[in-house]
1. Using 23 Å as the Cα-Cα cut-off, could you pick out the over-long pairs in 111/132; 111/185; 122/143?
2. Output the antiparallel fraction of DSSP beta bridges having both residues in the range 31-283, as a percent to the nearest 5.
3. For the range 31-283, list log₁₀ I(q)/I(0) at each q in 0.08, 0.10, 0.13, 0.14 Å⁻¹, using the Debye formula over Cα point scatterers of equal strength and ignoring solvent, two decimals each.
4. Once R0 is set to 22 Å, what does the formula 1/(1 + (r/R0)^6) return for the Cβ-Cβ distance between residue 107 and residue 165, expressed as a FRET efficiency to the nearest 0.05?
5. Using the Kirkwood radius over Cα pairs, work out the Stokes-Einstein diffusion coefficient for the range 62-147 at 20 °C and 1.002 mPa s, in µm²/s as a whole number.
6. Which whole-angstrom value gives the distance between the alpha carbon centres of the range 213-239 and the range 84-154?
7. Give me, ordered by chain and number, the residues 5 or more places off residue 225 or on other chains with an amide H under 5 Å from its own placed amide H.
8. Quick one: order 115, 151, 196 by neighbouring beta-carbon count within 10 Å, fewest to most.
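Only the coordinates and a few stated rules stand behind these numbers; no lab work does. Note that the coordinates shown come from a computational prediction; the quantities given were computed from them, not determined experimentally. Please note: Cβ atoms are built from the backbone with ideal geometry, for glycine as well, and neighbour counts cover all protein chains shown.
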Amino acid sequence: MNEGTFGILFKYVRKLLSEFLLNQILTYQGDATSFGNFIASWSEIAQKKPLSCIPDHNRHLRARSSPKYQPSLDQTFMKCTMKEIQNMLMNHVFLKCLYHIEASSINMLQKLASVNGIERTKIEAFSAYVWKIMVGTIDERHKKCKMGWLVDGRERMERRKNLMSNYIGNVLCLAFGEASLQELKEASISNIANTVHEAISKVNIEDHFLDLIDWIECHRPGLMLAKAVLGHEGPTLMVSSGQRFPVKQVNFGFGSPMLGTVYTSIQRVGVGYMMRIPKLPKYRDL
């Protein structure tokens, strides 16, 4: 493939992805899992392979006949206007970085987080460490800070689990934990990991997703976001896992990628954002 052909292809791919993402954002129809399935399917079409994921656009997530939800959702989410989104509060620092972390370091953090026979996950251990060191970057006028996690509800919807694997839609929920700066400074990695686990566990169940669906139904129409994302909750860092992003499977006809990550051109956001992406084994020495 010559340079000119590659340039044309890159512009086409960028345009198509931009249109796809814009449509998903404006219609609230897709999340990261949907996008990953889209990329994987596109790659299979480019390689003339049979599709491993047949997109499911059926509306599986419907409000209950008598909508109900826990009052805590009113404390986490809110209706908002486009003007509020465009003028959301944000940190004066706008910085994007890419870090490489050895697997051995993650394993060590997991050991530190797992005590008294209770094993914590890698994402819980990693989050605990990041939350602890995050304190050193926060202005002292803030007494507390938050950490949030994106939770995919596809595997939590027990009565719909077999129907949700190829579902094209938004099945994400946000979990938030809060702690004082002093608590985080003094706490051990294992204690902070306990706080992380407790926060994620509250939303990591089917009932929470059913409540969220009902909350959205009760607040239609209009835009809805987490208060923290709008910058209303003080310093907040969102942590997500890109472990399922299909980097290894992607090939549009000019080889496999060395790295796959998520990039956004959105300039205003009220929270910090961090995503873990696996490194491809064949490039372990780079």
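1. On the way: 111/132 16 Å; 111/185 20 Å; 122/143 28 Å.
Too far apart for the 23 Å limit: 122/143.
2. Details: 14 of 24 bridges.
Around 60 percent antiparallel, to the nearest 5.
3. Each listed q maps to, in turn, -0.36, -0.57, -0.99, -1.15.
4. On the way: r = 29 Å, r/R0 = 1.33.
Between residue 107 and residue 165 the formula returns 0.15.
5. Estimated via Stokes-Einstein, D reaches 123 µm²/s.
6. Value for the Cα centre distance between the two parts: 20 Å.
7. 78, 80
8. Values: 115 15, 151 21, 196 27.
The fewest-first ordering by Cβ neighbours comes to 115, 151, 196.
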